[in-house]
């Protein structure tokens with residue numbers, strides 16, 4: 001493993017991929033990692049920031065989060081020789097061969113999947129027109145700062161613009177928060193462009209509102225809605241009222257009563273059935289499980305790719321039974 005400090009609160013970790021397995025990722029996707037430290041196993045999802053064209057290793061850049069045990073560990077204590085388990089890749093937030101004109105709008109640690117896309121364009125020498133609009137607090141908070149200049153020198157169709165919300169007196173660039181003026185100035189021609197959004201929820205809500213006002217078609221706006229680094233599984237809520245429905249776990253040979261408002265994942269945990277999970281928001285796809293019988297309503301479906309949906313998989317973290325169900329778990 002290689003450790004590279006990016007900013008005062010972010011570090012890039014490079015892991016060598018097991019030679020027996022090939023990492024087949026698309027630029028923009030993420031992995032679900034299992035970290036073991038201090039006698040505990042913690043699961044987190046991190047966007048891949050290295051180019052998928054380089055399948056021999058994978059890089060992530062976790063940002064230290066206040067009271068985030070995993071992000072603090074990775075920034076302060078991760079050392080060469082550490083090994084981790086990872087599943088994936090997951091996610092529909094990724095560059096496709098059809099995307100010839102792209103605009104990457106990132107804030108904070110939302111820059112990580114964007115770097116995977118830019119590095120991929122660089123590795124394959126693609127002529128994709130790419131514009132990066134990067135919003136951070138200060139110039140010291142700019143992750144991959146030096147690499148932006150290197151990429152601009154190599155990619156003839158790449159340009160980037162940085163917006164600082166708390167600039168120093170000598171900052172020569174744009175100041176303030178994301179606005180229609182900032183986007184319009186740096187992306188004067190929006191026709192035919194695909195917009196990628198990644199950052200804190202308030203940032204993405206603001207950008208989506210601006211793009212809608214600019215009459216950008218919804219299908220040309222893609223956003224990474226998963227919480228990102230530092231977001232871990234949420235504890236199950238206490239459920240008491242019975243629904244009268246049952247859930248059968250075919251592989252485990254167990255059956256349990258479903259409680260009011262209980263997700264399939266919560267029911268599995270209560271029954272002692274282990275279904276791997278990470279985001280618990282219906283975004284990562286880690287908890288997807290095949291539905292063998294019954295009907296399930298999901299409050300989110302971003303974590304399901306078309307093939308999995310066609311094969312009858314459901315996201316158990318946001319899946320709620322509308323009757324008796326049977327799962328392949």
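The values are calculated or read from the model by the stated rules, or taken from the named source; none is laboratory data. This is a predicted model, so every value here is computed, not measured. Counting neighbours? That spans all protein chains shown, and the Cβs are built from the backbone with ideal geometry, glycine included.
Scanning region 202-221 turns up no residue that is outside any loop (DSSP other than H, G, I, E, B), over 20 Å from residue 174 (Cα atoms), assigned by TED's automatic domain parsing to the domain that holds residue 110 and at pLDDT below 90. A single entry from 99, 67 fulfils the requirement of being in a loop (DSSP other than H, G, I, E, B) and either farther than 30 Å from residue 167 by Cα or touching a helix residue (DSSP H, G or I) at 6+ places or on another chain (Cβ under 6 Å) (or both): 99.
In region 180-199 there is at least one residue matching the filter, namely being closer than 20 Å to residue 7 by Cβ, in contact (Cβ under 8 Å) with a residue 12 or more places away in the chain and not in a strand (DSSP E or B). The listed residues are 170, 141, and the only one of them that is modelled with pLDDT under 95, buried (at least 18 other Cβ atoms within 10 Å of the Cβ) and out of contact with any helix residue (DSSP H, G or I) (no Cβ under 6 Å at 6 or more places or on another chain) turns out to be 141. Return yes or no: is residue 45 under 17 Å from residue 142 (Cα atoms), touching a strand residue (DSSP E or B) at 6+ places or on another chain (Cβ under 7 Å), in contact (Cβ under 8 Å) with a residue 24 or more places away in the chain and crowded, with 21+ Cβ neighbours inside 10 Å? No: the conditions fail for residue 45.
Yes/no per residue for (1) surrounded by fewer than 14 Cβ atoms within 10 Å (Cβ to Cβ); (2) outside the structural domain of residue 113 (by TED's automatic domain parsing); (3) touching a residue at least 12 places away in the same chain (Cβ under 8 Å):
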position: 9; (1), (2), (3): no, yes, yes
position: 13; (1), (2), (3): no, yes, yes
position: 24; (1), (2), (3): yes, yes, yes
position: 41; (1), (2), (3): yes, yes, no
position: 51; (1), (2), (3): no, yes, yes
position: 59; (1), (2), (3): no, yes, yes
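If you go through region 26-39 one residue at a time, how many are part of a loop (DSSP other than H, G, I, E, B) and either surrounded by fewer than 14 Cβ atoms within 10 Å (Cβ to Cβ) or not assigned by TED's automatic domain parsing to the domain that holds residue 79 (or both)? The qualifying residues number 2.
Which residue, of 182, 148, is under 27 Å from the mean Cα position of the chain (by Cα), farther than 23 Å from residue 208 by Cβ and crowded, with 17+ Cβ neighbours inside 10 Å? Spell out how you get there, then give the answer.
Numbers: 182 fails: farther than 23 Å from residue 208 by Cβ.
Exactly one residue qualifies, and that residue is 148.
Restricting attention to region 151-164, the residues that are free of Cβ contacts under 8 Å to residues at least 40 places away in the same chain and within 24 Å of the chain's Cα centre (by Cα) total 7.
The condition of being in the same structural domain as residue 316 (by TED's automatic domain parsing), in contact (Cβ under 8 Å) with a residue 40 or more places away in the chain, part of a strand (DSSP E or B) and closer than 30 Å to residue 28 by Cα does not hold for residue 246.
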